[in-house]
Each structure stands twice: as structure tokens, then as C-alpha cells.
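These notes concern the structure reproduced below.
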Amino acid sequence: MRNFESSLEFAKKKDLEDPIKHIRERFCVKENEIYMDGNSLGLCSKDAKEALYHIVDMWEKHGIGIWDVEDSRYFMYQNVLGEKLAELIGAEANEVTVMTNTTINIHQGISTFYQPTPERYKILVDDLNFPTDRYAVDSQVRLKGYDPADAVKVISSSDGRYLSEDDIIEGMTEDVVLILLPSVFYRSAQLLDMERITNEAHARGIIIGWDLCHSIGAVPHDFKSFNPDFAVWCNYKYLSAGPGAIAGFYINKKHFQKEPGLAGWHGNKNETQFQLRQQFDHELNAHGWQTGTQPLLSMAPLEGVLNIYHEVGMEKIRAKSLDITAYLMYLIDNRLAKYGFTIGNPSEDHKRGGHVSLEHDEAYRICKALKSHKVIPDFREPNVIRLAPVALYVSYEDVYKLVEILEDIAVHREYENYKTERTLVV
Ligand SMILES: *Cc1c(COP(=O)(O)O)cnc(C)c1O
């Protein structure tokens, strides 16, 4: 049970007591700006910037020699980053690699594992996931000659916010061969019981892949304890590795012998890669799922920021994230509920990811008004203001001020000064 108070002094006291408050200085936090959008694009850090500048320096100095310097560290950069990421999800070092983007990594996972038979050919998904996951699944099903209307089994949410784990498990019928689900729903922040769902899938001989886009860097995972088959995620949200940063890919070691669905020369064993044979012989670990040349410039910032994550550790990050989101919910209940705001995320710690989902009929225009007050929120159709107080760089005082600004906007109906037409991205 947490005890919060609604005064500014209380927020300041919480900041003083925050064991990871000093980390904020490592991030490029703008003065007078309240950044609540780290679940869409995490802020730049000095560590990420330095790592990026360093790799540009190495390129300048060494030209093609960059692949060989420091014991081929940069040629093997996906191993370096895979090992650092593995710790965040409790996986073994060689079960994790980094490559391309989340969408392509979903294609990689599905094309590797989707082996339909006439009796067993369905992929189970949900209707709350971010749409790119669905586009990828549907197109993979078509590539195998099936119709998504038949072969993609969708578990529906009854309220547009949450999904029941029982419904998911009930959906695991004998015709289902594969499951793809998000760990945390991007709109409502609901965190699924991944261990329970994975165990139920495995008990029925179903392969399961997880999309960690909204949990990596906010919620610790312990993959060793429940052994999912594969997972994907982007590194630019909570993990703050930069716009379009390279994405993550996990494959359980029991599948290392499997043939990658999408093969390429950087998945070949290192020893024979430059013999340039016509016969593909993949590395028997996650790196065997690599395709083409590694984009070093979109990998380096990830190394920088992962150093911060390792310094702090996921336990402290999760503890602050849970506390500061609970504090935000407390202030919403106390100060905003009377203006038509409702909370659209789970209140229980074990069911909540890293953001708060604030709902209001005027959500879109309220977001416009927030920006004029130098608050960066995240709007999601149709009525959701996502607010992510990222543990590493958002303070309790930021959250206090955010709520004060929201209250002001509501009291003075400031949002009425803005148009309802949508702009392209935000
Ligand atoms: C952000 C997000 C993506 C992004 O996919 P990219 O291919 O990296 O652009 C995919 N899936 C989910 C669930 C996401 O939240």
C-alpha cells in the first residue's frame, strides 16, 4: 500500500528519496519541458550520443578496417549488444541478437516457426495489438496459401482496453499452431501473465512468440523461467536507443538447429562466411537469424544506453516505474476525475506496464494544449492520452506539474482553441 499526498512538497520529497534520481542528468532533458512520451520515443542520453560519435570516429579513422579493430568487436557488434540485452529479459547471451526492425523480426519469427498442416494451421492473435504485428501475421499466412480470415484466429477484447487471459487460453484449440501476443498492450498498458500463457501454449504443443515493444526497459522479464519460443522488440521506446534504432530478436536455444525463415549471409557461421559459399550454413544461435550487413550507426546508441540500464538494474527501474505511475494515478483520481478524465489502465502492479492511459472525450485537443505548455504526451485514437513517466529521467515533480497543467487546461477549456483535424504523426 502506497501513501501519497497531493502537495508539491510531497513530490519534492519523493524526488529527494528517489534512489535513481542522479541518472536523469545522463539524459538530454530539456529545461522547462515535461517529456511523457518515452514509451513512443525515448529521450537521447549523453551515453547514447557518445557511443554514436565514437563509431563515427572509428569509421573516419579505420575505413573498412572498422570491421577488424578491437578483436572484430564491431563485426561482432550484434553479439555485444545481444549479450547486454539478454540480461534485461533473463535470457542466455546467445539467444538474443539485434537486427532490422520489429516488423521484419516478426516476419523472421513467423516464417521460421509457421509450419501449417491441414489440421493445424491457425495463428492466434488479439485485436488490441499494434497493427503492424497483424499485418505481418496476415501476410505470412497468405504466403503459405491460406486466407487470414480463416487462418488467423483473433481473440477479441470486450471493452477495447483489456484482454482476458482465460479467453486467450480458451482460444488455444487444436487447429492453432502458433501464437503471437504483445507483453503489454500499447494503449491500455495491460501486462499479460506471460508465464501462464506460455505454459498453457506449450502444454498444447503450440509455439509462442512475444512482442516486448512496450515492456522492454520498463518491465523485467525472466525468460529462463518459462522459455518462450521467440520474441521481438524495438529498442527506441523505453530503451531510448534512438529513432529507428535496431530491433531485438530472441530465439530459445532449443530451436537453434531450425532453419531461419529469412536467411542471409550474416547469419552464416563466422568461420565460413567469407568463403562465400553458395551453401548457407547458419550460426547455431540467435545470430544465425541475421540477414545482411549490420547498421553500426543505428546500433551504437543502444550500447551507450544499455550501459545505463546495467548500472541501474531492471529491479530499481521497475520499482520506480510502478511507484511513479501509481502516484500519477493518485493525482488523476484526486484532481482530474471531476473533469471527465478516466484511467484506462490496470491499477494492480502486476498487471501494469510503464505508462498511464488517461482517457477523455477531448483527448486529441488536450494533447495539443499540453504541447503548448511544453508537456509532451502521446495521443492514441480514439480518446487516449498516454503518459509515460520513464523511471530514468522523469521526476515526481514533473508528474505533479503535469497534473496541474492538465487541471488548468480542463478548468479553462483551453483545448477549445485547437482544431480536431489530425496531423500526420503526433
Ligand atoms: C512500436 C511497436 C512496433 C514497431 O515496429 P517497428 O517495425 O519497429 O516500426 C511493433 N509492434 C508493437 C507492439 C509496437 O508497440
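Tabulated results
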{"read-out": "Approximate spin-label separation residue 169-residue 72, in nm, with each point projected 7 Å along Cα-to-Cβ", "value": "4.7 nm"}
{"read-out": "Nonlocal amide H pairs with residue 146, under 5 Å, H built at 1.01 Å", "value": "none"}
{"read-out": "Charge context of residue 380, other residues only, Cβ under 12 angstrom, K/R +1, D/E -1", "value": "0"}
{"read-out": "Ellipsoid equivalent to the range 65-173 - semi-axes via the Cα gyration tensor, in Å", "value": "35, 18, 13"}
{"read-out": "Given charges at beta-carbon only (K, R positive; D, E negative), |dipole| of the range 232-342 in Debye", "value": "340 debye"}
{"read-out": "Sites matching GluC sites (Glu not before Pro) across the range 251-357 that sit in DSSP coil, with at most 11 neighbouring C-beta atoms within 10 Å", "value": "348"}
{"read-out": "Helix-derived mean residue ellipticity, 222 nm - over the chain, DSSP H n ≥ 4, -39500 (n - 2.57), to 500", "value": "-10500 deg cm²/dmol"}
{"read-out": "The range 379-426: GluC sites (Glu not before Pro) in DSSP loop, at most 10 other beta carbons within 10 Å", "value": "421"}
{"read-out": "Global form of the range 7-134, assessed from the alpha-carbon gyration tensor, a/c cut-off 1.5", "value": "oblate"}
{"read-out": "Principal axis box of the chain, alpha-carbon based, largest edge first, Å", "value": "69, 57, 42"}
{"read-out": "Semi-axis lengths (Å, descending) of the ellipsoid that matches the C-alpha gyration tensor of the range 165-257", "value": "24, 16, 11"}
{"read-out": "Residues whose placed amide H lies under 5 Å from that of residue 34, excluding near-sequence neighbours", "value": "375, 376"}
{"read-out": "Karplus (6.51, -1.76, 1.60) ³J(HN,Hα), θ = phi - 60°, over the range 175-189, in Hz, Gly and Pro reported as x", "value": "8, 8, 10, 8, 10, 10, 9, x, 5, 10, 6, 5, 8, 8, 6"}
{"read-out": "Distant-in-sequence amide H partners of residue 130 (H built 1.01 Å from N, under 5 Å)", "value": "186"}
{"read-out": "Two-site label geometry, residue 255 and residue 147: point separation in nm, points 7 Å out along Cα→Cβ", "value": "2.9 nm"}
{"read-out": "Candidate lysines for bridging to residue 12, where Cα separation is under 22 Å - those fewer than 8 sequence places away on the same chain excluded", "value": "21, 30, 316, 320, 374, 401"}
{"read-out": "With at most 11 neighbouring Cβ atoms within 10 Å, loop trypsin sites (Lys or Arg not before Pro) (DSSP) excluded, longest segment of the chain", "value": "31-276"}
{"read-out": "Charge dipole magnitude, Cβ of K and R +1, D and E -1 - the chain, Cα centre, debye nearest 20", "value": "540 debye"}
{"read-out": "Pairs of lysines in the range 49-311 (C-alpha under 16 Å apart; 8 or more residues apart or interchain)", "value": "7"}
{"read-out": "Additional length obtainable on full extension of the chain from residue 25 to residue 397, 0.36 nm per residue less Cα span", "value": "132.4 nm"}
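Read the figures in this text as sums done on the coordinates, not as results from a lab. Please read all numbers here as calculations on a predicted model, not as lab measurements. Cβ sites come from the backbone with ideal geometry, for glycine too, and all protein chains shown count toward neighbours.
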